[in-house]
Amino acid sequence: MTDSTETTTGTGTATALAEDPMVRVKDLHRSFGSGAAAVHALRGVSFDVPRGELVALKGRSGSGKTTLLNLVGGLDKADGGSIVVDGTDIGSLGESGLLEMRRDRIGFVFQSFGLIPILSAAENVGVPLRLRKTDPKEREERVALLLSLVGLADHATQRPTELSGGQQQRVAIARALANRPALLIADEPTGQLDAETGLAVMELLRAVVRSENVTALVATHDAQLLGLADRVMELRDGRIVDAD
C-alpha cells in the first residue's frame, strides 16, 4: 500500500490518493490522570482502516474503544502518536479546523441516539445541512433521500418520542450521513436495542457503507454483529491484540 499523500502546508487539508487508507493511526497513546493513579486508556495503538470498509472494534468495557473513537473523530487530543483521516493529520488542526472536519467529513452515531426531542425525524436529519446553510430545496431533497435510505420515509413528521428505539437510531444514522461524510464513526450504536433490532441496524450500517460510499469504524461488544464487518479489531487494556 502506498503512503503517498499530497498535503497543503499550513491549512490542515490534504488530497489523499484513492489507495491510501481512510484512517491511519500510529503509536497512539492516551492517559487520564497522573502519577500512580493514571489510567492508560491507549498504549501504542496502530492500525489502518481501508477506504470503503466497515471495520468493527471489539473489546470489553474499559478496553479503550470509546477513547479511540473520540480521538479518531477529533473529539479528544492524544498524548502521543498520530491520526490521519482522509489525508488530514488530525493533530495538526486547531479548534476551527477540527470543527470543520467534524462537520464536513466525519459522521457520528452514538448509543444514546442524540436526537432533538422537539424536532421531527426530517428536521433532525436536516440539522447538519442547516448548519452548513445548504439551499432549502437541496436540503429537503437530501433529507428525503436519507429517510428513504434508512426505511423511514413514512415517518418524516414524527418526533423521537413517537418512534421506537430502532427507528430513532435509523434517524441518527441518516443525520450522520447528511453532509456526505467520508468517515462514519459509531460507538456501540446497538447498545440500547434488542438483539433483533440491533442486527437490523448493523445490517443498515453495512448497506449505507456501500450505497453512500462511506468508510465506517464501529465499536460493538455484540459477537453476532461482528460477522457483518469487513474486518474486526480487538482492543484489550489499551492495545490492539487481534485484527483479522
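With N counted as the residues of the chain, its alpha-carbon radius of gyration over 2.2 N^0.38 Å works out to 1.01.
When only Cα pairs under 8 Å and 6 or more residues apart are kept, what is the percent relative contact order across region 132-244?
About 20 percent, as a whole number.
Put a dot 7 Å past the Cα of residue 157, heading toward its Cβ, do the same for residue 192, and the two dots end up 2.6 nm apart.
Normalised by the number of residues in region 119-165, what is the relative contact order in percent for Cα pairs under 8 Å and 6+ residues apart? Write down the numbers at each step before the final one.
On the way: 27 pairs, mean separation 27.1, N = 47.
For region 119-165, the relative contact order is 58 percent.
Using bins of 10 Å that start at zero, the share of Cα-Cα pairs per bin across region 108-204 amounts to 17, 53, 27, 3, in whole %. Contact order for the chain, expressed relative to its length and based on alpha carbon pairs under 8 Å spaced 6+ residues apart, stands at 26 percent.
Read-outs: derived from the displayed coordinates by stated rules, not from any lab. These figures come from a predicted structure and were not determined experimentally. Virtual Cβ from ideal backbone geometry, glycine too; neighbours counted across all protein chains shown.
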